[in-house]
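**Q** Pasting a structure here, questions to come.
The values are calculated or read from the model by the stated rules, or taken from the named source; none is laboratory data. Remember, it's a predicted structure, so these values are computed and weren't measured experimentally. Neighbour counts are summed over all protein chains in view; Cβ atoms, including those assigned to glycine, are modelled from backbone coordinates with ideal geometry.
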């Protein structure tokens, strides 16, 4: 009669988990629009917190790129001081991993200048979305002019989220997005602006 010994131990094989599918996120920011929204609440901007908030990495989302579109004061002697200040800010954004697209403004009435970056942002959003193939595009703006862009992206199978405040969100853009992210609770956590508007 054969004695039964202990069954031969099978070599332990760890099952490899399925690779997690991460949601690829591409963010486009209308800098003047979001800065106006934060100033309307008496707050400064925390760009790193905004990036983290919109990326939501803890939910499996992966940021491909965050592109910030900013207007520069006109390249004229009377605007040089403000232009230098803005360029310093844009340099800070670049050194902190943001992709920055700037456009020279043209003088308006008094101490106002105009630098419309909407067309640049719309063209880039379509081109970069085709090249980078994000699952989600976040448009950080309330400008209703971007409603057509949101619809164009959705027609390409891309989920479109719009991040704005209720006060600055155009109804056309609201109806064109898959989801609206209300930025007011986040903006209210940012530092209060000082009396001189800084």
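**Q** Based on what the data block shows, is residue 90 more than 27 Å from residue 156 (Cβ to Cβ), touching a strand residue (DSSP E or B) at 6+ places or on another chain (Cβ under 6 Å) and modelled with pLDDT of 95 or more?
**A** yes
**Q** Mind listing whichever residues of the stretch 43-84 are touching a strand residue (DSSP E or B) at 6+ places or on another chain (Cβ under 9 Å), in contact (Cβ under 8 Å) with a residue 40 or more places away in the chain and assigned to a helix (DSSP H, G or I)?
**A** 47, 50, 51, 53, 54
**Q** Those residues that are assigned to a helix (DSSP H, G or I) and in contact with a helix residue (DSSP H, G or I) (Cβ under 9 Å, 6 or more places away or on another chain), I need them from the stretch 112-126; list them, please. Let's see the steps before the verdict.
**A** First, pick out the residues of the stretch 112-126 that are assigned to a helix (DSSP H, G or I): 118-126.
Across the stretch 112-126, the qualifying residues are 118, 121, 122, 125, 126.
**Q** Of all residues in the stretch 157-179 being touching a strand residue (DSSP E or B) at 6+ places or on another chain (Cβ under 6 Å) and either assigned to a strand (DSSP E or B) or touching a residue at least 40 places away in the same chain (Cβ under 8 Å) (or both), which is nearest to residue 31 (Cα to Cα)?
**A** Per the criteria, the residue is 163.
**Q** For the list (1) closer than 30 Å to residue 76 by Cα; (2) assigned to a loop (DSSP other than H, G, I, E, B); (3) touching a helix residue (DSSP H, G or I) at 6+ places or on another chain (Cβ under 9 Å), I need the number of the one condition that residue 194 fails.
**A** (3)
**Q** Next question, about the same structure. All but one of (1) in contact (Cβ under 8 Å) with a residue 40 or more places away in the chain; (2) within 14 Å of the chain's Cα centre (by Cα); (3) more than 25 Å from residue 102 (Cα to Cα) hold for residue 182; state the number of the condition that does not hold.
**A** (1)
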